[in-house]
Amino acid sequence: MKTTVGLLLLLLTVYYCAAAPQAFLQISPGQCCFKFFTGRIPPKKIVSVIKTHSACLEKAFVIGTAAGKHICVSQSVTWAQEAFKQQQIGDE
């Protein structure tokens, strides 16, 4: 009896661990920022500007640079807002 219960618990644990990452991905809000860059990135070095998900605690932009870095900047920063608008115009 103990062996059967132990085996059942082991199988349930394996199933849960296998299914958990998929469930996490379905409810995950995407990339959120917790530390923010306070400087300025030259426009020539910006290759992408993406808004963080609306479920994130802080509204931010994730700025991709030509060097391959991703930098978090608050959405209240004027130059980041302008970079985002420029990217939207370029995508049209």
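What follows draws every value from the coordinates through simple rules; no lab data is involved. The model shown is predicted, which means the values in this text are computed figures rather than measured ones. No Cβ is skipped: glycine too gets one built from the backbone with ideal geometry, and neighbour counts run over all protein chains shown.
Things worth noting here:
- Sequence-distant lysines (8 or more away, or on other chains) whose Cα lies within less than 27 Å of LYS85: LYS35, LYS44, LYS45, LYS51, LYS59, LYS69
- Label-to-label distance, ARG40 versus THR65, with points set 7 angstrom from Cα along the beta-carbon direction: 1.6 nm.
- At 1.567 mPa s and 4 °C, Stokes D of region 37-76 from Kirkwood alpha-carbon radius, µm² per second: 124 µm²/s
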